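A.B. asks: Sharing a structure, written as structure tokens. Questions coming.
The values are calculated or read from the model by the stated rules, or taken from the named source; none is laboratory data. As the structure is a prediction and not an experimental result, all values here were calculated from the model. Cβ sites come from the backbone with ideal geometry, for glycine too, and all protein chains shown count toward neighbours. The protein model used for the area step is the full one, side chains on, heavy atoms only, and it has no ligands, DNA or RNA in it. Shrake-Rupley method; radii C 1.70, N 1.55, O 1.52, S 1.80 Å.
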Amino acid sequence: MAILSEENALKIAFLTLGCKVNQYETDAMKEQFEKAGAVIKGFHEKADVYIVNTCSVTNVADKKSRQMLHRAKKKNSDAVVVAVGCYVQAAKEVLEKDGFVDLVVGNNKKKDIVSIVKQYLKDQKVQNTVIDISHTREFEEMGMTHVDGHTRAYIKVQDGCNQFCSYCIIPYARGRVRSRKLDDVVHEIQNLTQQGIKEFVLTGIHLSSYGIDQQNLNLLILIQEIARIKGVQRIRLGSLEPGIITEEFIQEVANIPQFCPHFHLSLQSACNATLRRMNRKYTIEEYKDKCRLIREYYDHPAITTDVIVGFPGETEEEFSITKKNLEELRLYEIHVFKYSKRKGTRAEQMPDQVPEQKKHDRSTQLLEMTGAQKREFEKELIGKAEEVLLEESVMIDDKMHFTGHTKNYVKIGVEGDNLKSNQIVCAEVLDFSDKDFLLAKRA
């Protein structure tokens, strides 16, 4: 579907806010426009159409989405500014009244973005661009045929969430769990391996739920099928719920050579009382058991997590329990977030909201802890040989290095001859650097 003649090609700029799922969807929309003859521009450049793939995970994310939409219109007042995604689902009426926004497109309509924009350019009248996401069971298929400038590809395999955590708006913005067809995932990855992509990261809004809406399908089966594809050298997972970690799951993935022992296990709090208020469906004792199980099957797995500090009602005692349990868990990395109210969630109305200064103090304590634990984890790699997927070149002390990641997602800077991007090499880890990676030499 050509948008305009070649000499008058439409110039379109994109901006992605939020998660890896959003990034995947933006890349897919770019490809659709490129196939239609449009020219993709940087968001900082002048364009005919600006498309902002919005995020609505917090009130701050809402504000950022509005700011970027307004910034686009200021770059070119004649441009068409399009808001797509989660903030549209959460605040459709607000955006429709916003004078800086010309067009709103909700989730599960991004696959139609080219025809929607084309219709709008024709007569400024487009209907049915935002659906009731809570009632759809359709996975929005937006498969890509190429990935520009990347050594790894993010593959969206799942959408929606059925969990309804008390702080989260995402089930309302993304709808219920929908899984991508296995054949569609396999076909996309087969195409990308032919372009030389070696590593594939499976992503979703609630990845652990993959397959629950289909017969005889789950995340383990998906991983096993991907591992059979010629050319796949690494399989990495996005964020997981602790419940997915069973003896069978770990035993099976440990037998897959391409599987990366990097587990981002969602936690949010290490105190059971806080977890109950969050409506998280596990205890800290169960979480510890999952970590123990992973470490039984892998010598040095990277286990990372997210923790929210200052959730409503979190007392000093509850925070102390969280801190003590995190010290015992000794995770590779903890992503620390200060609780932020999200309009429309149960947590917004909860009593005993924690003051900002306390949130800041607690965040600082956990950041100091995770910094020390991360260094301890990485120290164990010094003197060992690790496989590194090379990504970018960098000069260190007048010597060329290539940075990349190990299978457990530790960043390494490798010195050696004849190195190039998208190459997997064996490297001996030497020491820490003053950069954000370890130093190594090609083994």
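A.B. asks: D352: more than 24 Å from the chain's Cα centre (by Cα) and free of Cβ contacts under 8 Å to residues at least 24 places away in the same chain, yes or no?
C.D. replies: No, not satisfied.
A.B. asks: Let me ask something else about it. Is there any pair linking a residue in the stretch 384-409 that is on the phi < 0 side of the Ramachandran plot and of a type in the set (V, I, T) to one that is assigned to a loop (DSSP other than H, G, I, E, B) and surrounded by 13 or more Cβ atoms within 10 Å (Cβ to Cβ), with Cβ under 6 Å and at least six apart or on different chains, and which?
C.D. replies: Pairs that qualify, where the first residue is on the phi < 0 side of the Ramachandran plot and of a type in the set (V, I, T) and the partner is assigned to a loop (DSSP other than H, G, I, E, B) and surrounded by 13 or more Cβ atoms within 10 Å (Cβ to Cβ), are V388/T406; T403/F437.
A.B. asks: Here is a follow-up. Got a sec? Which strands (runs of 3 or more DSSP E) wholly within the stretch 362-443 have at least 3 residues that are of a type in the set (A, V, I, L, M, F, W, C) and over 17 Å from A302 (Cβ atoms)?
C.D. replies: In the stretch 362-443, 385-396, 424-432 are the strands (runs of 3 or more DSSP E) which contain 3 or more residues that are of a type in the set (A, V, I, L, M, F, W, C) and over 17 Å from A302 (Cβ atoms).
A.B. asks: The conditions are (1) closer than 18 Å to A28 by Cβ; (2) in contact with a strand residue (DSSP E or B) (Cβ under 9 Å, 6 or more places away or on another chain), and E96 fails exactly one of them. Which is it?
C.D. replies: Condition not satisfied by E96: (1).
A.B. asks: Tell me which residues, restricted to the stretch 326-347, are without any contact (Cβ under 8 Å) to a residue 60 or more places away in the chain, in a helix (DSSP H, G or I) and crowded, with 16+ Cβ neighbours inside 10 Å.
C.D. replies: L326, L329
A.B. asks: In the stretch 306-358, what residues are under 23 Å from G238 (Cα atoms) and among the aromatic types (F, W, Y)?
C.D. replies: Y332, F337, Y339, listed by residue number.
A.B. asks: Would you please name the residue that is nearest to L326 (Cα to Cα), looking only at residues in the stretch 369-400 that are among the acidic types (D, E) and more than 24 Å from the chain's Cα centre (by Cα)?
C.D. replies: Restricting to residues being among the acidic types (D, E) and more than 24 Å from the chain's Cα centre (by Cα), the top hit is E376.
A.B. asks: Can you work out which of the residues in the stretch 273-291 that are more than 18 Å from H335 (Cα to Cα) and in contact (Cβ under 8 Å) with a residue 40 or more places away in the chain is most open to solvent (accessible area, probe 1.4 Å)?
C.D. replies: Filtering the stretch 273-291 for residues that are more than 18 Å from H335 (Cα to Cα) and in contact (Cβ under 8 Å) with a residue 40 or more places away in the chain, the one most open to solvent (accessible area, probe 1.4 Å) comes out as K281.
A.B. asks: Let me ask you something else. Among the residues of the stretch 317-325, is any open to solvent by less than 20 Å² (accessible area, probe 1.4 Å), in contact with a helix residue (DSSP H, G or I) (Cβ under 8 Å, 6 or more places away or on another chain) and either within 19 Å of V57 (Cβ to Cβ) or among the acidic types (D, E) (or both)? Working first, answer last.
C.D. replies: Here is the first cut: in the stretch 317-325, the ones open to solvent by less than 20 Å² (accessible area, probe 1.4 Å) are 319, 322, 325.
This time we only want the ones that are in contact with a helix residue (DSSP H, G or I) (Cβ under 8 Å, 6 or more places away or on another chain), so: 319, 322, 325.
Within this subset, residues satisfying the condition of being either within 19 Å of V57 (Cβ to Cβ) or among the acidic types (D, E) (or both) are none.
No, the stretch 317-325 has no match at all.
A.B. asks: Would you mind stating whether S320 is part of a helix (DSSP H, G or I), without any contact (Cβ under 8 Å) to a residue 12 or more places away in the chain and polar (S, T, N, Q)?
C.D. replies: For S320, the condition - part of a helix (DSSP H, G or I), without any contact (Cβ under 8 Å) to a residue 12 or more places away in the chain and polar (S, T, N, Q) - is met.
A.B. asks: Now for a different question. Checking C168 against (1) closer than 30 Å to T274 by Cα; (2) in a loop (DSSP other than H, G, I, E, B); (3) in contact with a helix residue (DSSP H, G or I) (Cβ under 8 Å, 6 or more places away or on another chain), which single condition isn't satisfied?
C.D. replies: Every listed condition holds for C168 apart from (3).
A.B. asks: Have a look at K399, K407 and point out the one that is touching a Cys at 6+ places or on another chain (Cβ under 6 Å) and either more than 27 Å from D148 (Cβ to Cβ) or open to solvent by 20 Å² or more (accessible area, probe 1.4 Å) (or both).
C.D. replies: K407
Okay, residues lined up against (1) open to solvent by less than 30 Å² (accessible area, probe 1.4 Å); (2) farther than 30 Å from Y282 by Cβ:
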site	(1), (2)
S134	no, no
E140	yes, no
C161	yes, no
G175	yes, no
R178	yes, no
Q190	no, yes
H206	yes, no
N218	no, no
I223	yes, no
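A.B. asks: For the stretch 410-427, which positions are open to solvent by 40 Å² or more (accessible area, probe 1.4 Å), farther than 25 Å from L331 by Cβ and in contact with a Leu (Cβ under 8 Å, 6 or more places away or on another chain)?
C.D. replies: Listed by number, the residues that qualify are E415, K420, S421, I424.
A.B. asks: With the requirement that a residue be farther than 12 Å from L222 by Cα and among the basic types (K, R), what does the stretch 175-199 give you?
C.D. replies: R176, R178, K198
A.B. asks: If T145 passes every condition in (1) open to solvent by less than 10 Å² (accessible area, probe 1.4 Å); (2) of a type in the set (S, T, Y); (3) more than 21 Å from S239 (Cβ to Cβ) but one, which one does it miss?
C.D. replies: The number of the failed condition is (1).
A.B. asks: Residue by residue through the stretch 359-395, note down the ones that are open to solvent by 90 Å² or more (accessible area, probe 1.4 Å) and farther than 22 Å from L331 by Cα.
C.D. replies: E392, M395 - these are the residues of the stretch 359-395 that are open to solvent by 90 Å² or more (accessible area, probe 1.4 Å) and farther than 22 Å from L331 by Cα.
A.B. asks: Looking only at residues that are surrounded by fewer than 20 Cβ atoms within 10 Å (Cβ to Cβ) and of a type in the set (D, E, K, R) in the stretch 292-316, which one is farthest from Y409 (Cα to Cα)?
C.D. replies: The residue in question is E316.
A.B. asks: In addition: If L430 meets every condition in (1) touching a Leu at 6+ places or on another chain (Cβ under 9 Å); (2) surrounded by fewer than 18 Cβ atoms within 10 Å (Cβ to Cβ); (3) at pLDDT below 95 apart from one, which number is that one?
C.D. replies: Status for L430: all satisfied but (3).
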